[in-house]
Each structure stands twice: as structure tokens, then as C-alpha cells.
Amino acid sequence: MQIGVDPALVASGVPSRWAQALTRDLGWAPRWHAEPALRLLDRLAQGQLDAAVFLSHPAADALDQQGLIHSRMPLARTAVYLVGPQADLAGLRQRDDLAEALAHAVLAHEAGAARWTPPAPGSALEALAARLLQGHVVSRLGSAAIPPRPRSEGIDRQPAYMLTTRAEWEAGDGARAGLRVWVAGGEESTLQAEFALPTRRRHPAARLLSQWLQGRMAESAWRQGRPGWVPLR
């Protein structure tokens, strides 16, 4: 059984905890296939996966409306952080709005005063960043395709600003890498982990997995990842 899973979940250890619980409970473990949300949804819609657990992405709404995916359900949610170097290179110290802070980080990158690493192509964070930056005067998310002005001395030795999920941050070691959280997003920027099945492919165990993910053992895997993940069931 091929199950797509978002890299954010892999980084926070949820699939490995699921696999252990599934082995104990049902006697089998799924084969995880990790890719960003947009790619997972595309493969799911084409019937190349038996199921997928992805971070909320606008493409899921469109595929759901077209009838290409079904049995969609939210499982857990995680906050989004803007992290960056310990030094306040982008002038974020007095800012608590994620969209405004993100715009300043990208502008600092374009001015050569800081570095910004865009989210992975096709990821839920990329879609969120695009939505947050609507209306802000920045050039295409500070994409790597748009070279910034010459950087100030020493900037290349500083960590880059980036968006990450709280789940990944809590599971990682960003502080040791010289990073800190500058702004934590509110409810409007929360990302959900969602489950869905493909219309063009039917695996006999897919429904069983769907039911299992709504049970207590699956929920326990989310709770072990708290405070990064908050179960929704």
C-alpha cells in the first residue's frame, strides 16, 4: 500500500510512530512516500497513490470539488513560525504580524541586508507564503531566481530567514543551528494535516486505514508530538 506523506510529518516523527502502532495493532506497516503537498495531491488525483496525508493546500479544495479525491478529513494542526538568525537583520523585533514580518524578511533579502530561503516548491508553506505576501511590495517571494543586491559584509555567514511549522521546529534543533523564532503565526496561518483517498484507485486496506487514523492509537502519535501538533479528532 503506497501512502503519500508530507515531509513536515516525516520530520516530526509522526509516520514512524504510526508504523509502530499499525504493526502492533493490525500486523502491517504502510510504505510511506514523502513529497511536498502539491506533488502528493497531483499523484493522488492521478491514482498513483492509495492514500495521502498532506498539509493543507489550495489544490486540495479544487481536486475535492472535481471529485478526484474523496474521504478528506483533518487530523491535526500546527502553527507556522518565521525563524531566522539571532541578530535582528530584517528589523523584526517589534513585529508580531506574520505577513508583515515575512514581507520585511524578503525585502531585507532583496536589499542584501539578510538572507531568505523560500519554502520548498509545491509545499504548503510555499502556498501560505504566497497568500501572506499578497499586497506587499516584494518581488515573487524573494525567489532565488531574482538575485538580491550585493550582500552586506558577513551576511553570508548568517543563517537565512525561513518559514517552518512548529511541529518541525519542536522536533529539530534550530536553536543550535543559530536560529530563533521571530514571529509565530496566528490562527489564520495554521496548517492542517489532512487525509484523503483517490477516486481513480481503490485499495482494500485504504478504508481500514482511514478508520484507524480516527482512532485513539493514531491520535496518540499526534499527542506524542505536542506541542508541535494539536489533534483535531
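Every number here is computed from the coordinates shown, using simple stated rules; none is lab data. The structure presented is a predicted model; accordingly, all values stated were derived computationally and were not measured. Here the Cβ is made from the backbone with ideal geometry for all residues, glycine too, and neighbour counts use every protein chain on show.
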Where does the chain land on Rg(C-alpha)/(2.2 N^0.38 Å)?
1.08
In terms of modelled amide H atoms, which long-range or inter-chain residues lie less than 5 Å from the amide H of ALA51?
GLY4
Cα→Cβ-extended label distance, 7 Å offset, between GLU187 and GLN46, nm:
3.8
Mean Cα-pair separation over length for segment 28-100, i.e. relative contact order, pairs under 8 Å, 6 or more apart, %
20
TRP28 versus ASP88, label points 7 Å from Cα toward the beta carbon: distance in nm?
5.6
Sorted on mean Cβ neighbours within 10 Å (highest first), peptides 5-12, 157-164, 205-212, 49-56 come out as 49-56, 5-12, 157-164, 205-212
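What is the gain in length, in nm to one decimal, between GLN211 and ARG72 on full extension, counting 0.36 nm per residue of separation less the C-alpha to C-alpha distance?
Extra length available between GLN211 and ARG72 comes to 48.8 nm.
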